[in-house]
Amino acid sequence: MTRHIWVLVHRYAGLLMAFLLIVIGLTGSIIVFNKELIAWFDPPPQITPQSTPLLDAYTLRERAQALVPHGMANILIFHRKPGDPFTTWIEPRIDPSTNQPYELELSSLSLDPYSGTELKREKADGNIWPITQKNIMTLINRLHYQLAIPGVIGTYLFGIVALVWFIDCFVSAFLTFPVSVRRKSSSPPAPVPRGGEGRRNWLARWWNPAWLVKWKGSAYRINFDLHRAGGLWVWIMLLALAWSGVGFNLSEEVYNPVMKAAFGMPDQYGSSLPVLDKPRPDPALSWPQAHAIAKLLMTEQERLLHFQVQREEALTYQPDKGVYLYYVRSDRDLTDDGAATVLFFDDHGKFINLSLPTGQNAGSTIHTWIFALHMAQIWGLPFRIFVTCVGILVVMLSVTGVYIWLKKRKARRLSRSRNVPLAIETP
């Protein structure tokens, strides 16, 4: 395939993606600080630290459960800060008279961690209109991954854009490589450099025009250089953002099959575990019993797989599968906060699986890295600022790409009308 065809592929892929990449870049640069902005727009209940100890996770879960008899509080949260309320998600039970889930007026419940009294109940219904302080970040997040289009249309649309973007990353990088130009000459050809000298010559010809911006050039030249060099300097990050975008929006259709075939990535989140014919909302094990078994099983896995648990995070139960998930933070975790080491066992205490974020499987490790990069969950505030800048750079790449296309289109029309060679060529 000739270089000209790859130029056309890059041009029209960029034009098709430009608007959506501008939306993705702008919203992505904002939601890097999602947690802080949500707390600013919709502040959580304030808790005054007290001298008395926090109530344990069992007691708080039971009190939340008692406040919503038709709901299920299927989580124990172990890692809590003294100034934060205890917040749990509430799932509806099945109404035996209709065999349908109860209609609940809430999806989350916040309690005072010292007294267990109710502080706040909320219903996450996904509504974004009218825009209020409570849902503005919901709107920005939905714009980022589905253009706030209801249903799955926006999700699939952005997944396809992410896939095209991922492929175009390789095309655009190829187009920056130096072109060998053979000029007619009566003199014999110069000898071709060999070995290291040839590689240095090629890298030098690639570095000067492709990686640098000639700020004293024309407006077109500056835009072209910004477009080319800007993409090269953060190419690895753009590739990670694009492929993880496929993972977010086309996980079952594209991402998981490719990662499994290429790297043997296993099921990390238990999505492939079989669903029960009839859900078990009340497991055979009590929560204290399940917690004790979880700690024993995790200790055994520590010894077998040679990793170290740093702290407990949470224990959850999935009634549709009859499975407990025990989350801990271990030395295999990458992110600055949270926990991604997960143990699976059934509601009779039988071990099912353990998922380590890194070091257990090549696919899982790659998956963990690219998603941590996408969500700016590593290397603290400096990297979050960097990801914000990358979001703005994605906007710049889209705008300069459209500008270059418009200038070339105008030049082509002008050259056809005058029947003269095209004036604007790729520098």
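Tabulated values for the structure
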| quantity | calculated |
| --- | --- |
| Cα long-axis angle, helix 380-418 against the chain (0 to 90 degrees, to the nearest 10) | 40 |
| Unit charges at the beta carbon, dipole of the chain: most positive-side option, Asn353, Gly391, Val68 | Gly391 |
| Computed Kirkwood radius, in angstrom, where 1/r is averaged over Cα pairs of the range 267-360 | 13.5 |
| Mean separation of Cα contacts under 8 Å, 6 or more apart, over the residue count of the chain: relative contact order % | 18 |
| Radius of gyration and maximum dimension Dmax of the range 1-118, Cα, Å | 23.6, 73 |
| Test item: Cα-centred dipole of the range 267-360, Lys/Arg +1 and Asp/Glu -1 on Cβ, debye | 220 |
| Neighbour count of at most 14 Cβ within 10 Å plus DSSP loop: longest GluC sites (Glu not before Pro)-free window in the chain | 106-424 |
| Electrostatic dipole magnitude of the range 103-150 [Cβ: Lys, Arg +1; Asp, Glu -1; Cα centre; debye, to 20] | 220 |
| Helix 287-305 vs. the chain, principal-axis angle (Cα, 0 to 90°, nearest 10) | 40 |
| Orientation-averaged projected area, Cα convex hull of the range 300-406 (nm²) | 9.9 |
| Simple label model, 7 Å out from Cα along Cβ direction - Trp129 to Arg205, nm | 5.7 |
| Spin-label pair Ala66/Lys278, simplified geometry with 7 Å Cα→Cβ offset, distance in nm | 3.0 |
| In the range 289-380, trypsin sites (Lys or Arg not before Pro) in a DSSP loop with at most 14 other beta-carbon atoms within 10 Å | Lys350 |
| In sequence order, calculated HN-Hα J values of the range 30-37 (Karplus, 6.51, -1.76, 1.60; Hz; x Gly/Pro) | 8, 6, 4, 10, 4, 4, 5, 5 |
| Summed side-chain charge close to Val213 - residues other than Val213 whose Cβ falls under 11 Å, Lys, Arg +1, Asp, Glu -1 | +3 |
| Assigned charges on the beta-carbon of Lys, Arg, Asp, Glu; the range 45-132 dipole about Cα centre (debye) | 220 |
| Difference of contour (0.36 nm per residue) and Cα-Cα distance, Asp95 to Ser115 | 4.1 nm |
| Contour minus Cα-Cα distance for His348 and Arg418 (0.36 nm per residue) | 17.0 nm |
| The range 102-182: trypsin sites (Lys or Arg not before Pro) in DSSP coil with no more than 14 other Cβ atoms inside 10 Å | Lys123, Lys134, Arg182 |
| Centre separation in Å (Cα based) which lies between the range 358-399 and the range 1-49 | 12 |
| Label-reachable residues, the range 222-259, where backbone N falls under 17 Å from a point 7 Å from Ala411's Cα toward its Cβ | 222-229 |
| Dimensions in Å of the chain - Rg and Dmax from alpha carbons | 27.3, 94 |
| Length added when fully stretched, Leu104-Tyr12, from 0.36 nm per residue minus Cα-Cα | 28.3 nm |
| Local electrostatic count at Leu356 - Lys and Arg +1, Asp and Glu -1, tallied over other residues with Cβ under 11 Å | -2 |
| Rounded tilt (10° steps) of 362-374 against the dominant C-alpha axis of the chain | 80 |
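Quick note: the coordinates plus some simple rules give every number you see, no bench work behind them. Keep in mind it's a predicted model, so treat the numbers as computed, not measured. Note that each Cβ is placed from the backbone with ideal geometry, even for glycine, and that neighbours are counted across all protein chains shown.
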